[in-house]
Amino acid sequence: MFTSGFAQKPEKLTSAELFHEVQKLNFLGTALYVAAHPDDENTSLISYLSNHKKAKTVYLSLTRGDGGQNLIGSELRELLGVLRTQELLAARNVDGGEQLFTRANDFGFSKLPKETLEIWDNDKVLADVVWAIRNIKPDVIINRFDHRTPGTTHGHHTASAMLSMEAFDLANNPQAYPEQLNHSDTWQPKRIFYNTSWWQYGSREKFAKADKSNMIKMDVGVYYPELGLSNNEISAMSRSQHLCQGFGTLTVRGSSEEYLELLKGPAATGNDLFEGVNTTWSRVKGGEAIGRILEKVEENFDFQNPAKHIPELIRAYQMLQNIEDEHWKSIKSKELKHIILAATGLYLEASSENASATPGSQATINLEVINRSSANITLKEIQLVGANVKIAPNKVLTNNQKESFSIDFSVPSSMMYTSPYWLNEQGSLGMYVVNNQQLIGKPETPNAFKARFSLLFDGSEIIFEKDVVHRYSRPDKGELYEPFAILPEVTSKIDEKVLIFANSDTKEVHVKVRAGKNNVSGTISLDHPTGWSVSPKSIPFTIEQRGEEIPLTFKVTPPNSESEGNIEPKITVGDQVFDKELVEIAYDHIPKQSVLLPSAAKVVRMNIKKAGEHIAYIMGAGDKVPESLEQIGYQVHIVDPNEIQNGDLDKYDAVVVGIRAYNVIGALKFKQPVLFDYVERGGTIIVQYNTAGRWSNQFENIAPYDITLSRDRVTDENAEVKILAPKNSLVNFPNAITTKDFEGWVQERGLYFPSKWSAEFTPILSMKDEGETEKQGSLIVAPYGEGHYIYTGLSFFRELPVGVSGAYKLFANMLSIGKNEVKKDSNVKG
């Protein structure tokens, strides 16, 4: 706990950490923290409630952050949601909280909760919040955002608070979502708060003068001697798990205040949000006797020999199994078993010989059991849940003597593949489809296989479950763990998710076929839209080794006229057809994720013209614009800004700066003169959006003239677009741009538009969200010397990878500015 090394590595508590967990046994209270996205949560407060108050603390994030950006890789949309889900779990592993979700899909920035709740299915997301409350039974709920201030923050933020307020009342109403009561009970939390702060009041000075009679104040900067860490250090470590959002931060120490404004429920006379809630063992019938045992363990805890307390812990566990309160029985049984394992130094592991298997195949699980204490423990039985296979060693576990076993089994043919459950069915813009009520809200898909260890402690049986993992080593990283995955016999992948045909020429399409088992043979074909042709009709293949991937090539010819659709690989092996792509998300700070998605690529036949050939691209926070530009015939050269010198860029027809480059690349501060000199000598530079004010004032200006970035954005992807400068070359050469070219855009028009610019710039487009003023800063251009400088907040990084024709035409025009003619062939200049 409180660390997050390589994911899946088994937790091994020190005596001090074990004592910390024993303390939590004797607090029977629950807090639910509610917000909209990964990173919205207040990790200081979650850690304080979990580690200082010792409460069961759960963060309910309504979405998985699918609509954001990714600073560490190429995953976007649903894959980004998978990555951010795991980062949230890593954060909770640090701060001691737990994690839940709803079925809401983060569709991108929304200005008003009204729009948010229209795109989400209001009733279903509300049902999911009610479901979370009924399951975890929180005594207190804390909203991150204010339900009373729509329009002042992200619409998702306000909507999360509004839904939480409504669910506070509905959770105890048996008429609300009665189908949930087949699996849960009604529940009424005691209080609901808003986690307010000075920023809600505009300044620290105004907040200091505010009436705080309805607020609870807490110092969340407390220090935990048993952990050697302060709460705010743990909080920073937790927040730093959000790596794909660039939230790695320094740890801090010292006093820090948090405020909770009471919204509903009885007032608390002191600063205890649990005031009036019985959080002792007397809360449950038959619990007082259990509490007396566990309080004694806490009072007399032996840090040198925690195993000394095993008899008391076992007795408390046995008594706990007889109480009627199933909710607290489940929670405290899990905590007690965790502590018993740690106190005995018991190590239980179930590791697969291979990282994956296929339904119907044979697999081997290696088991390790070791008792590192003098406790009298007998290993009675090990059952492999999911395969209904077991062994019965009936072996006494001698202190520090490792016992090893193995189980060979057949993976059931009906076994579901390993993949995030919320992606198994096609969802909508605002919602994922999950029909299994008991899966709704879970952070991840339950593992296919678990090893169930039945152990006797002086004759008393306790069952422990461990997920089957794959343990292996690498010379450069040492011992590693990853989930044991069940995968198809064969998967396929087309690397280019969008294939642009700028003319009627035939293109080669490369399909990668990957084997999920040894010695797999079959044929592959491509389904395609009407009017398109594919050659050959099918290709036979044989792959000998599991995990091996082979490339196969088809020739695809588009129709003469504009057209779009999908090509979908279909693999036939025997009488089975496989149509999934396997995406593996692998970073050191999260467990490896296996995601199965429909294998497909969008094909687009468009009539597009361009000038120029060679493009220099400076990568920023990560996007797929370079690959998209290559689709329409540009040769894109990724350049390192650290290495460019004056004159190096002259050979390129244009330089494109990737999204948020000025936010994440410090070297650009020193390369501005080089970039501006390139433009002055006749070059074109295109700077894509950057977030305002996030470069610590290191850049005096990102343009050769004055420009002020703002938070202006247009979130309605269908918002009307007006062309302000109809004679400007950006909307004329070499492609004529009309309002029709803004049809079919996804997620948004753009973001972080400039709000002010010098007279040298010409604004090209105007757009707005409903009820707002016109925004003219989405695309501005200025001549500079012999060349042109372009700044754009249009979301090309979203539109190009999904094949929006109009976005390609407009980007081609930006790259072609200043060129006299459309070139079919050209070489690098100079």
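General observations
- Theoretical FRET efficiency, 1/(1+(r/R0)^6), r = Cβ-Cβ of residue 173 and residue 461, R0 45 Å, to 0.05: 0.65
- Among beta bridges identified by DSSP and lying wholly in the chain, the antiparallel ones come to about 75 percent.
- Per principal axis, descending, Cα span of region 490-605 in whole Å: 45, 36, 19
- The convex hull built on the alpha-carbon positions of region 290-418 has an orientation-averaged projected area of 9.9 nm².
- Distance between modelled label sites at residue 187 and residue 544, nm, 7 Å Cα→Cβ extension: 5.6
- Calculated FRET value between residue 743 and residue 533, using beta carbons and R₀ = 22 Å, to 0.05: 0.20
- Summarising the overall dimensions of region 763-812 from its C-alpha atoms, the Rg and Dmax are 12.9, 41 angstrom.
- Using the Cβ-Cβ distance between residue 114 and residue 438 with R0 = 30 Å, the FRET efficiency computed as 1/(1 + (r/R0)^6) comes to roughly 0.40.
- Screening the chain for whole DSSP H helices of 24 Å or more along their axis (Cα) with average Kyte-Doolittle hydropathy at least -0.5 returns 78-95, 326-344.
- Estimated purely from DSSP H runs of n ≥ 4, each contributing -39500 (n - 2.57), the mean residue ellipticity at 222 nm for the chain is -6000 deg cm²/dmol once divided by its residues.
- Region 685-772 gives an Rg/Rh value of 0.98, both radii derived from C-alpha positions and Rh following Kirkwood.
- Mean projection area, nm², convex hull over Cα of region 99-200: 6.6
- Size descriptor, Kirkwood hydrodynamic radius, that averages inverse alpha-carbon separations across the chain, Å: 29.7
- Its convex hull of Cα atoms gives region 614-816 a direction-averaged projected area, equal to a quarter of the hull surface, of 10.1 nm².
- For region 198-356, the fraction of C-alpha pairs more than 27 angstrom apart is 54%.
- Contact order for the chain, expressed relative to its length and based on alpha carbon pairs under 8 Å spaced 6+ residues apart, stands at 10 percent.
- Overall, the anisotropy analysis places region 29-279 in the rounded class: the square-rooted eigenvalues a ≥ b ≥ c of its C-alpha gyration tensor yield a/c less than 1.5.
- Spin-label model distance (nm) - residue 400 vs residue 669, 7 Å beyond Cα toward Cβ: 5.4
- Residues of region 493-518 with amide N under 18 Å of a point placed 7 Å along Cα→Cβ from residue 555: 501-511
- This ranking places 201, 689, 33, 784 by how few other beta-carbon atoms lie within 10 Å of each, fewest first, which gives 201, 784, 33, 689.
- The mean of 1/r over all pairs of different alpha-carbon atoms in region 449-518, once inverted, gives a Kirkwood hydrodynamic radius of 17.5 Å.
- Tail weight of P(r) past 13 Å, computed on alpha-carbon pairs of region 526-585, percent: 71
- For region 427-557, the C-alpha radius of gyration sits at 1.61 times the compact-globule guess of 2.2 N^0.38 Å, with N the residue count.
- Cβ-based exposure ranking for 506, 418, 553, in which fewest neighbours within 10 Å come first: 553, 506, 418
- Packing-based exposure ordering (other Cβ within 10 Å, fewest first) of 758, 203, 47: 203, 758, 47
- When the P(r) of region 721-788 is calculated, the portion above 17 Å amounts to 48% of the C-alpha pairs.
The numbers here are math on the coordinates, done by the rules we state, and not lab data. All of these numbers come straight from a predicted model, not from anything done at the bench. All Cβ positions, glycine included, derive from the backbone under ideal geometry; neighbour counts span all protein chains shown.
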